Amino acid sequence: MAMTDTEIYDQKRKVKSALTADLIRDKLIQFSKDFKTSWVNLGQNLYPVYKDKLFHAWGFEKFEDYTQRELGIKKETAAKLLKTYFFLEQNEPEYLKKEFIDERDPAQVPSCDALNVLRLARANKDLNRKDYAELKEAVYEKGKEAVEVRKDLVSLMKERKQVDPDEEREKRNVAAVKRLLSAMRSFEKDMEAL
């Protein structure tokens, strides 16, 4: 039985629609990877600006002034970008290779924040190599987000450190008193200003 012109048209439309949906899906996957890694280019290009003080030639006295006024990036964010990029360059250069990102699903591409937690973990003297390797695998292979990696890190640190409940309570009390004193000083300054 031969297909009618209408049936042929409907069949072509379905095929075209499926191809279009697949193209959109492929683009979304690439956009997601680009989104998760765009900070690398920013960190990579900020590094020589910071190191060589190029911001002076552009009329800025401090690096923070440049990033805040010209780029709209807060001091803390710029510092995190620089430190995390430098960490990758020195310790995890495989992440900077295009193949690393291309071979992974978007859900497995580590975020800047997750890599920053990994950077902080590596600098922690109380963490052993095995624990660091587990965190690294969670970030690189499983694509764990920063919040989850931070929880894992805190859990590992608590396992390593025996905690005395009385000592912890005392630390919290001291911290609370310091916050109270700081708030009182601030209040006192505000009162003097009035």
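No other residue among 38, 32 is over 30 Å from residue 129 (Cα atoms), within 26 Å of the chain's Cα centre (by Cα) and open to solvent by less than 100 Å² (accessible area, probe 1.4 Å) apart from 32. Of the numbered criteria (1) in contact with a helix residue (DSSP H, G or I) (Cβ under 9 Å, 6 or more places away or on another chain); (2) of a type in the set (Lys, Arg); (3) at pLDDT below 90, the one residue 125 fails is (1).
With respect to residue 13, determine if the residue is at pLDDT 95 or above, open to solvent by 70 Å² or more (accessible area, probe 1.4 Å) and basic (Lys, Arg). So residue 13 fails the test. When residue 158 is tested against (1) under 14 Å from the mean Cα position of the chain (by Cα); (2) more than 27 Å from residue 79 (Cβ to Cβ); (3) among the basic types (Lys, Arg), only condition (1) is not met.
Taken over the range 49-66, the criterion of being assigned to a loop (DSSP other than H, G, I, E, B) and crowded, with 16+ Cβ neighbours inside 10 Å is satisfied by 60 alone.
Selection of first residues in the range 177-194 that are modelled with pLDDT of 90 or more and of second residues that are basic (Lys, Arg) and surrounded by 10 or more Cβ atoms within 10 Å (Cβ to Cβ), restricted to Cβ pairs under 9 Å at least 6 apart or on distinct chains, gives an empty result.
Taken together, 127, 194, 181, 153 contain a single residue that is among the aliphatic types (A, V, I, L, M) and under 20 Å from the mean Cα position of the chain (by Cα), which is 153.
The values are calculated or read from the model by the stated rules, or taken from the named source; none is laboratory data. Keep in mind that this is a model prediction, so the values were computed, not measured. Here the Cβ is made from the backbone with ideal geometry for all residues, glycine too, and neighbour counts use every protein chain on show. Side chains are part of the model used for accessible areas, which takes the heavy atoms of the whole protein and leaves out ligands, DNA and RNA. Shrake-Rupley method; radii C 1.70, N 1.55, O 1.52, S 1.80 Å.
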